[in-house]
Amino acid sequence: MSMLVTTGASMSCTFGAGTAAFQATTNPMMLCGGKVVGTIQDAAAGVNIPSFGMCTTLSNPAVAAATAAALGVLTPVPCTPIPTSWIPSQ
């Protein structure tokens, strides 16, 4: 069985400036503790995962371009989540 997460669970990105609240969509009729349950398969940016604020990784083409335009000074840009993995925590 997949690991379960509920709407409102706090998420973070190692390159983001803030946290975001998870929004479950795959099982809208299933509740746990009064919150809608989703699974780690609910990983759509903008649907289940909102922005983490400003992005600071040079592997993001927008950050790399902004940094190059600033003559090498790291220049964060607004985050557009690209979920690649999940690390559960308590």
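The values are calculated or read from the model by the stated rules, or taken from the named source; none is laboratory data. A quick note: this is a predicted structure, and the numbers were derived from the prediction, not measured. Cβ atoms come from the backbone with ideal geometry, glycine included; neighbour counts cover every protein chain shown. Heavy atoms of the whole protein, side chains included, go into the accessibility calculation; ligands, DNA and RNA do not. Shrake-Rupley method; radii C 1.70, N 1.55, O 1.52, S 1.80 Å.
Mind listing just one residue for me: the one in region 14-29 that is at pLDDT 85 or above and open to solvent by 50 Å² or more (accessible area, probe 1.4 Å) and, of those, farthest from LEU74 (Cα to Cα)? Looking at the filtered set, the residue picked out is THR25.
If a residue must be in contact with a Phe, Trp or Tyr (Cβ under 8 Å, 6 or more places away or on another chain) and open to solvent by 50 Å² or more (accessible area, probe 1.4 Å), how many such residues does region 60-86 contain? Within region 60-86, residues that are in contact with a Phe, Trp or Tyr (Cβ under 8 Å, 6 or more places away or on another chain) and open to solvent by 50 Å² or more (accessible area, probe 1.4 Å) number 0. Only one entry in THR39, THR19, THR25, THR67 is free of Cβ contacts under 8 Å to residues at least 24 places away in the same chain and within 24 Å of VAL5 (Cα to Cα), namely THR25.
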